[in-house]
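Right, one structure below, let's go through it.
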Amino acid sequence: MNSDVLEMMRKNSSLSGPWQHLSLFFAYRLLVAVILMSLFFSDLGGGVLGHRSPALFSFVSISYVGFIAASGLLLHWRSPNASSQAFMMVLVDIAAITLILHASGGVETGLGMLLAVSIAAGSLIIRGPVSLLLAALATLAILSEQLLLQIVADDGLTAYPQAGLLGASFFAIAILAHVLSQRLSVSERLVSQHKLDLADMAQLNEYVIQHMQTGIIVVDEKENIRLLNTSAWHLLGMPDARPGTSLEQTCQALTIRLSGWREDPDFVINPFRPVAGGKELKAGFSRLGQEQDTGTVIFLEDAAFLTQQAQQMKLASLGRLTASIAHEIRNPLGAISHAEQLLRESPDLPHADQRLIDIISTNSKRVNEIIESILQLSRRERSRPREFVLKTWLEELLDEFRRIQGLSSENLLLQIEPADTRIFADPTQLRQLFINLCENAVHHFNRRKSELRLLINGGITQSAGGPYTDLIDNGPGIRPEIARQIFEPFFTTENTGTGLGLYIAKELSESNRMRLEYFPVATGGSCFRMTFPGANITGGMQ
């Protein structure tokens, strides 16, 4: 529901009431006119209808039906407004019923009460002092009819008291209708306001659901989708799903878990990936209502987001631990380094001992690098993600990296499709992650630097479940037996490394709700894939 729909509801709430009442009034008048005409022409009027002037009654009754039919066209066109049409309808009723009354014998026939109904209905629609004007016109019409009857009647009998009472009843009805119309106006405004409040609340609820980070899917008892918010659609890999689509058709893995949960509420719900290479999701289920055969709400969460929360807690603990480690290790390490410098300055140091001093110096520096890397993890600020265009950002980063490493545009290639792909991440931490991976690829390249080919390929695909980048090199690759260990802390294949480079990259990706994975390249080399949380993805939910 959008603002245009709400505005339309506001207009309808203010206009539908009068027109609906006017339609009912039109139907009543048409029914009364047809009945009077039918009774007269079928001789079922009991000798009362038109007995004084049949010709006048015949002409007026036919004309009355014709005027009402014409007012039906105005009602259909809704022009002029409802109040003007109601006023004209009552005027026609006053004229027609007064003439019918005169043709039938006057006030004593009781037909004058038909005017009371018209005045009451017109007053409720017009809602204002005009209702008293209608009552005055109807009273003058009745009294004029009695005056005319006294002039033309052969028997000279008149009914001024009855006419006066009927006129008084017109004013009483008009006053009561005016009071009632005011109360109806207040009630209708309250009802309209409540409807708008409910509509606003429904719009707010829909906005909240559609913009939640948690994916929400509502399915009925037959496992057909009734509601699917934008987050769920992105998490499931942008499937061709809409309300009414079968959940099994949308995601079979989720259907299996839902069926298992329905059979056993204690069913262990393992994480899953809706599409190959997509995001790893965790699902939760909640039944709608108390009965068994009812709908279900499915909650989907990105496992990377949950990992990020655990990561923040781990970093807090790591920060306290590394602070004490730095204090306890750096002091003796500083003493060792100082002693090494003093020994190196000794003039009587044998050449064989010089080699031992070099070993002490090298390993002291390595321990210090490890401490610095650990402190870097604990000191890292919390991620401040924002939305930006991936290709533009990477072009600036790679230009800087080429200059630092002395690489050409042939060594480092960039392909992003579509070019306007946007991601949501912390630019500072993402820069550190990319530099780390690129330096790692350059460092482990075992041929001439001119032969290095480093391709950054990315964009948006359905299988990736959102924006992604692949960093592919043509280096020696990683042996399969150690590929699962590369993201572990302190794991290294070289004696000179700290074993924290890829671990830090993994930590940076998780703190930004990204997924960092390694894939071997069939032609040799390595591929590190980074999958980002969705920003503004072109296309939108179908």
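The values are calculated or read from the model by the stated rules, or taken from the named source; none is laboratory data. Quick caveat, the model's predicted, so the values are computed rather than measured. Using ideal geometry, Cβ is built from the backbone for each residue, glycine included, and neighbour counts are taken over all protein chains shown.
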Would you mind stating whether Ser346 is modelled with pLDDT of 75 or more, more than 30 Å from Thr428 (Cα to Cα), outside any helix (DSSP H, G or I) and outside the structural domain of Asn512 (by TED's automatic domain parsing)? yes
Can you pull out every residue in segment 34-54 that is free of Cβ contacts under 8 Å to residues at least 40 places away in the same chain and either aliphatic (A, V, I, L, M) or not in a helix (DSSP H, G or I) (or both)? Val34, Ile35, Met37, Leu39, Ser42, Asp43, Leu44, Gly45, Gly46, Gly47
Looking at segment 254-271, can you tell me whether even one residue there is within 27 Å of the chain's Cα centre (by Cα) and outside any helix (DSSP H, G or I)? yes
For segment 199-214, state whether one or more residues are closer than 30 Å to Thr461 by Cβ, of a type outside the set (D, E, K, R), touching a residue at least 40 places away in the same chain (Cβ under 8 Å) and part of a helix (DSSP H, G or I). no
How do the pairs read when you match residues in segment 277-297 that are more than 27 Å from Met530 (Cβ to Cβ) with residues anywhere that are modelled with pLDDT under 75 and not in a strand (DSSP E or B), using Cβ under 8 Å and keeping only pairs 6 or more apart or on different chains? Gly295/Gly289
Spot the failing condition for Asn436; the list is (1) touching a Ser or Thr at 6+ places or on another chain (Cβ under 6 Å); (2) under 23 Å from Ser511 (Cβ atoms), and only one is missed. (1)
Filtering segment 135-179 down to residues that are under 57 Å from the mean Cα position of the chain (by Cα) and loosely packed, with under 15 Cβ neighbours inside 10 Å, which residue is modelled with the lowest pLDDT? Val179
Show the residue pairs meeting these rules: Cβ distance below 9 Å; 6+ apart or different chains; first residue within segment 164-187 and without any contact (Cβ under 8 Å) to a residue 60 or more places away in the chain; second residue surrounded by fewer than 17 Cβ atoms within 10 Å (Cβ to Cβ) and not in a helix (DSSP H, G or I). His178/Gly128; His178/Pro129; Ser181/Gly128
Being modelled with pLDDT of 90 or more and within 23 Å of Glu510 (Cβ to Cβ) narrows it down to one of Phe388, Phe424, so name that one. Phe388
Residue pairs qualifying under the 9 Å Cβ cut-off, at least six apart or on distinct chains, with the first in segment 438-459 being of a type in the set (S, T, N, Q) and the second being buried (at least 16 other Cβ atoms within 10 Å of the Cβ) and in a helix (DSSP H, G or I), are Asn440/Gly501; Asn440/Leu502; Asn440/Ala505
Do you know which of the residues in segment 272-323 that are assigned to a loop (DSSP other than H, G, I, E, B) and farther than 21 Å from Val219 by Cβ is modelled with the lowest pLDDT? Gly277
Unmet criterion (only one of (1) in a loop (DSSP other than H, G, I, E, B); (2) touching a Ser or Thr at 6+ places or on another chain (Cβ under 7 Å); (3) farther than 28 Å from Gly167 by Cβ) for Pro80: (2)
Looking only at segment 401-437, which residues are touching a residue at least 60 places away in the same chain (Cβ under 8 Å) and either part of a strand (DSSP E or B) or under 14 Å from Asn474 (Cα atoms) (or both)? Arg422, Ile423, Phe424, Ala425, Leu437
